[in-house]
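Trainee: Below is a structure I'd like to ask you about.
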Amino acid sequence: MTVTYRLALLALPLALAAGVRAQSAATPQAAPAAPAAPDQNVFKLSEFNVSSKTVGYSASETMTGSRINTPIVDLPYSIVNLTDEFFHDYGINILDENMTYIGGLTGINIGGSFNLRGFGSTSQLRDGFYRLGRYGLSNISRVEIIRGPNAAIYGRSSPGGMINFVSLQPSKETQQNLMLLDGSYKQQQGALNLTGSLDKDGKTYYVAEFDQTSRHYTGQYDAIRNNEDFVAIEHDFDDSSHLKVSAEYFLQIQHAPQNAAPLVSVARTATPDNAATSTAIGLDMGLASINPYGPNSELNRGSTTYTATYDKAFNDVWSIRTGLYNFRARRWDFNQNTGWGSITIPANGGPVTSSRGSLPSRGEIMEDGGGFQQDLLAHYFIANHTIENNTLFTIDYNDYYRWDPTWEYSVNNDPDITAWAAPRTVTLVPTSFAGGTQYMPNATVAYFPHWYSLNKLTLLSANPTATSGAVNGGTLTRRRTNSIGGNLRQQMFFWDQRLIAYAGIRNDTVLFSQRDYTVPFASVGVPGNPAANTAGGSVVRRYEHQNKPNMGFSYAVTKDKNLRVYGSYSTAYFVDQTSRPAVIAASTYAPFTARGFDYGVKGSYFDQRLNFTLGGYYDKEYNVLVTDTVEQPPGSGNYVSLQEQDGDQLVRGFEFDLNWAVTDSFWIGGSGAEVNALYTNLGSAFPEARGRSVQNISPENGSIYSKYNLSLGKFGAIQFNPLVTYVSSTPAFSGSQGDTPTVNKTTGVSSITSHTDQWKIRYPSFILWNFDITYRLPQINPHWDQTISVYFNNIFNKTYLKIPSGTLGDGREIMVAYSLNHHRAR
């Protein structure tokens, strides 16, 4: 994608706005709201809560960026958000990797992972508390993204930033909404939302959301069902303090999950300068359309979460917020390891034989955790009331426990395994698919014959005397991570808030406790451990301490403060929750750390109806896990490959975000980013990988969207919502993938003697066009509203692969939704 085209894509909303300015004057405006009746129970908005004010699809304030209520335009780094109205208007009902609307953000999935600004993460935030995914979109009021290491205000966070899913908020206004949806891929959804006061004074109020969604995918058996329930209750005390409690339940049942498009290589003859016998040429998108697992397979996730927050303003200076949360998350699967493997086309272009996994397994991930947050804010003035100050002190404690048991068939002559031996091998032939040629099965695909039975499975065990064919007491990896941290942050406002400056430092201590790994390693932090260095007996107890400073400024270059320049320097650390004990136990272990710079301009014009951010960044990550060539023992001339945390990764780029409410009836917006993510050190074993692009990081992505309401008078109104999303071609493999190093025994220097060019393979770029039409029926009663929406997704039926899973995206999709809403002012 050329620079000219990228700039044109980002500037399109401005061009659209200019074209409708003449029309906007004639657009019927909404009638002004009647003055509110005096309310004797008015409470001052807490410093720890944001208002519901939005511009287009974006909220104007955030807590995510600074942990206190702050206008986004005042923050010296990039914050972007999307409200629930965006997801409703575009028929986005299930959270998955198609969420590429925000520049620099891709790869988000229900398990908690995402890619942001060139870095991956395995955890997210829910209302500022750590979560491991398991999200539905029905009970979210908005999604907020802090870009860059500034997210370290919450402790451990990805160098690329953090996502915060903000829950639905209780409301004092009585309202009930029922929504029913039906559409392509057998998609069906029913949602009920209830809000209102529980007492006549309106001091106790609630929100409840109940949602059931089901749909199929492109494969023969692929199906998914979400159950999402959420309840929150808030109470306003007479001293203007607030207490809010919430409970959330999520369950996703995924039947016959999708398979990634496998790597395709072509056979070659080895040469003196390249010993490889194949060359990678692409990904088999056609094979991704055929389910390899069949009806006897599943991939399910569930969670329950409870939170409670209390905030109180003691006086005009001191305020406090206390939060508690607890979660229990589960993931379980069966027959997830029998997917399509890589295929190599013979030199003559003939058929290919592909064999799926021989022993279907059943795995579980059991996660439990919780934590505590305390925020203390002092808001005061100094220097004869000319300098405003916010001093924030926070304490965070998080506890995380995980156990991963896995069962496999232990008797290979089991009748099911015997029956599976022959049909798991499939012949693939060239076949026309989506306008090209792909390798696909030449006959009906057979699947594993039965569901699992526990008496046929053995729990993977480190006990070498375990009896085959019986469930035993073995375990696979128990890990626990405790972290406690504090943050001191000073924010100062100079010259009537023209200059806003802040500085802070975060201190964290992390304790790892991990055991029961099936591979032996030297125990760490447990003197005298009798089972040390044995499979299932080695133990890790390691402390890590981190001090991370950050600072920044925002300066209004115009007297009306509509245009601000900003800059910041921030640092962060990140603990990968999937790290294995052997990695934690290594003497070279160190958490990922990062530091980076943000800079740019923010604008807010037309009475804050137009808001934009144009910024750049420079971030670097350290302690990346890489493969080094090491002499062991020193002086022996014996060189081995070891994984060590001494690699680096560099990311540079720019971002652009725009929200413009041109009129009360017409909004436009967009988001885009360029991400230049490179490996600057991928280990001494792979010297040629330096400077290659980082796996699964899209160099460019973004979206343009708009909303237009057309009044039909007594016949109701029509709303139009176009959305265009772009994702550039993306590296599908690591920068070292396909390279085979050879070590010079004299010098210890590695050189690549065999390479398949696998690291060059990329997911293809794609542009998706979506469109929604919503008709609001004429009101029969002022307290009732009815709407009918028709959603057209992927209008041009683009064939594409989702990133980074490599699974096939949906084709053209049409959905129809009916909504009935009852509302009554308190």
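Trainee: When 1/r is averaged over all different Cα pairs and the result inverted, which Kirkwood radius in Å belongs to segment 566-634?
Mentor: Hydrodynamic radius (Kirkwood, Cα only) of segment 566-634 equals 15.8 Å.
Trainee: Search the structure for amide H atoms under 5 Å from the amide H of residue 440, placed 1.01 Å from N in the peptide plane, and list their residues when 5 or more places away or on another chain.
Mentor: Excluding prolines and chain starts, which carry no amide H, the hits are 429, 431.
Trainee: Now for a different question. Just the number please: accessible area per residue for the chain, 1.4 Å probe, all protein chains included, in Å².
Mentor: Heavy-atom accessible area per residue stands at 41 Å².
Trainee: How would you classify segment 511-634 from its alpha-carbon gyration tensor, with a ≥ b ≥ c the square roots of the eigenvalues: rounded for a/c under 1.5, else prolate if a/b is greater than b/c, otherwise oblate?
Mentor: Because a/c hits 1.5 or more and a/b exceeds b/c, segment 511-634 counts as prolate.
Trainee: Quick one: Debye curve from the C-alpha atoms of segment 292-338, no solvent, what's log10 I(q)/I(0) at q = 0.19 Å⁻¹?
Mentor: Ignoring solvent entirely, the Cα scatterers give -0.73.
Trainee: Run the paramagnetic zone check for residue 431: 7 angstrom along Cα to Cβ, then residues of segment 307-342 with backbone nitrogen under 15 Å.
Mentor: 340-341
Trainee: Each residue of segment 724-740 in turn: what ³J(HN,Hα) in whole Hz from Karplus with 6.51, -1.76, 1.60 and θ = phi - 60°, glycine and Pro shown as x?
Mentor: My calculation for segment 724-740 gives 10, 10, 10, 9, 6, 4, 10, x, 8, 9, 4, x, 9, 5, x, 8, 10 Hz in order.
Trainee: I'd like the per residue volume of the convex hull spanned by the Cα atoms of segment 714-796, given in cubic angstrom.
Mentor: Cα convex hull per residue, to the nearest whole number: 128 Å³.
Trainee: While we're here: With a/c under 1.5 counting as rounded, go ahead and sort segment 129-222 into rounded, prolate or oblate using the C-alpha gyration tensor (a ≥ b ≥ c being the square roots of the eigenvalues; past the cut-off, prolate if a/b is larger than b/c, else oblate).
Mentor: The shape class here is oblate.
Trainee: Probe 1.4 Å, all protein chains in place: accessible area of residue 812 in Å², nearest 10?
Mentor: 120
Trainee: So who's got an amide H within less than 5 Å of the one on residue 161, skipping anything under 5 residues away but keeping other chains? H placed 1.01 Å off N, in plane.
Mentor: Under 5 Å from the amide H of residue 161 lie the amide H atoms of 148, each far enough along the sequence or on another chain.
Trainee: Right, next: What ³J(HN,Hα) values, in whole Hz, does the Karplus curve 6.51 cos²θ - 1.76 cosθ + 1.60 give for segment 370-377 when θ = phi - 60°, with x put for Gly and Pro?
Mentor: Those phi angles translate into x, x, 9, 10, 9, 10, 10, 10 Hz.
Trainee: Compute the angle between helix 3-24 and the longest alpha-carbon principal axis of the chain, please, reported from 0 to 90 degrees and rounded to the nearest 10.
Mentor: Helix 3-24 sits at roughly 30 degrees to that axis.
Trainee: In terms of modelled amide H atoms, which long-range or inter-chain residues lie less than 5 Å from the amide H of residue 410?
Mentor: Close amide H contacts, sequence-distant or interchain: 458, 469.
Trainee: Specify whether the C-alpha gyration tensor of the chain places it in the rounded, prolate or oblate class, a ≥ b ≥ c being the square roots of the eigenvalues: rounded for a/c under 1.5, otherwise prolate if a/b is larger than b/c and oblate if not.
Mentor: prolate
Trainee: Put a dot 7 Å past each Cα toward the Cβ at residue 788 and residue 533; how far apart are the dots in nm?
Mentor: Modelled inter-label distance: 7.7 nm.
Trainee: Moving on to the next point. Probe 1.4 Å, all protein chains in place: accessible area of residue 543 in Å², nearest 10?
Mentor: So the heavy atoms of residue 543 present about 130 Å² to solvent.
Trainee: For 625, 658, give me the order by solvent-accessible area with a 1.4 Å probe, most accessible first, ignoring ligands, DNA and RNA.
Mentor: Largest accessible area first, the residues go 625, 658.
Trainee: Let me ask another. Please report, in debye to the nearest 20, how large the charge dipole of the chain is about its Cα centre when each Lys and Arg carries +1 at its beta carbon and each Asp and Glu carries -1 there.
Mentor: 540
Trainee: Take the Cα pairs of segment 182-247, get the Kirkwood Rh, then feed it into Stokes-Einstein at 4 °C and 1.567 mPa s and tell me D in µm²/s.
Mentor: 90
Trainee: Distance between the C-alpha centers of segment 87-130 and segment 137-154? Whole Å please.
Mentor: Computed from Cα coordinates, the inter-centre distance equals 9 Å.
Trainee: Order 145, 281, most accessible first, counting only protein heavy atoms with a 1.4 angstrom probe.
Mentor: Result of the area sort, largest leading: 281, 145.
Trainee: Can you give the Rg to Rh ratio for segment 299-410, taking only C-alpha atoms and Rh from Kirkwood?
Mentor: Reported Rg/Rh, Kirkwood definition of Rh: 1.38.
Trainee: Here's another thing I want to ask about it. Could you calculate the FRET efficiency of residue 646 with residue 825 from 1/(1 + (r/R0)^6), where r is the beta carbon distance between them and R0 is 60 Å, rounded to 0.05?
Mentor: 0.45
Trainee: Next question. Please go through the residue pairs 200/312; 203/312; 172/714; 548/602 and name each one whose alpha carbons sit more than 21 Å apart in this structure.
Mentor: Over 21 Å apart, Cα to Cα: 200/312; 172/714; 548/602.
Trainee: How far is it, in nm, from the label point at residue 561 to the one at residue 609 when both lie 7 Å from their Cα along the line to the Cβ?
Mentor: About 2.1 nm, to one decimal.
Trainee: Here's something else I'd like to know. I need the fraction of alpha carbon pairs in segment 627-734 separated by more than 19 Å, rounded to a whole percent.
Mentor: More than 19 Å apart: 65 percent of the Cα pairs in segment 627-734.
Trainee: Could you state how much accessible area residue 395 has, in square angstrom rounded to the nearest 10, with a 1.4 Å probe and all protein chains kept in place?
Mentor: Solvent-accessible area, nearest 10 Å²: 60 Å².
Trainee: Quick check: at a probe of 1.4 Å, how many percent of the accessible area of the chain sits on carbon and sulfur atoms?
Mentor: Using a 1.4 Å probe with all protein chains present, the chain comes out at 58 percent carbon and sulfur.
Trainee: Where does the Debye-calculated log10 I(q)/I(0) of segment 122-281 sit at q = 0.13 Å⁻¹, using only Cα point scatterers of equal weight, no solvent?
Mentor: -0.84
Trainee: For segment 55-121, what is the charge dipole size about the Cα centre, in debye to the nearest 20, if Lys and Arg each add +1 at the Cβ and Asp and Glu each add -1 at the Cβ?
Mentor: 280
Trainee: Explain nothing, just compute: Karplus ³J(HN,Hα) = 6.51 cos²θ - 1.76 cosθ + 1.60, θ = phi - 60°, for every residue of segment 199-204 in order, whole Hz, x for Gly and Pro.
Mentor: Residue by residue, segment 199-204 yields 9, 5, 7, x, 8, 10 Hz.
Trainee: Rounded to the nearest 500, what is the chain's calculated 222 nm mean residue ellipticity when only DSSP H runs of at least 4 contribute -39500 (n - 2.57) each, over all residues?
Mentor: Helices in the chain give a 222 nm mean residue ellipticity of -1500 deg cm²/dmol.
The values are calculated or read from the model by the stated rules, or taken from the named source; none is laboratory data. Since the structure is predicted, the reported quantities are computational estimates derived from the model, not experimental observations. Note that each Cβ is placed from the backbone with ideal geometry, even for glycine, and that neighbours are counted across all protein chains shown. For the accessible areas, the whole protein counts, side chains as well, though only heavy atoms, and no ligand, DNA or RNA atoms are used. Shrake-Rupley method; radii C 1.70, N 1.55, O 1.52, S 1.80 Å.
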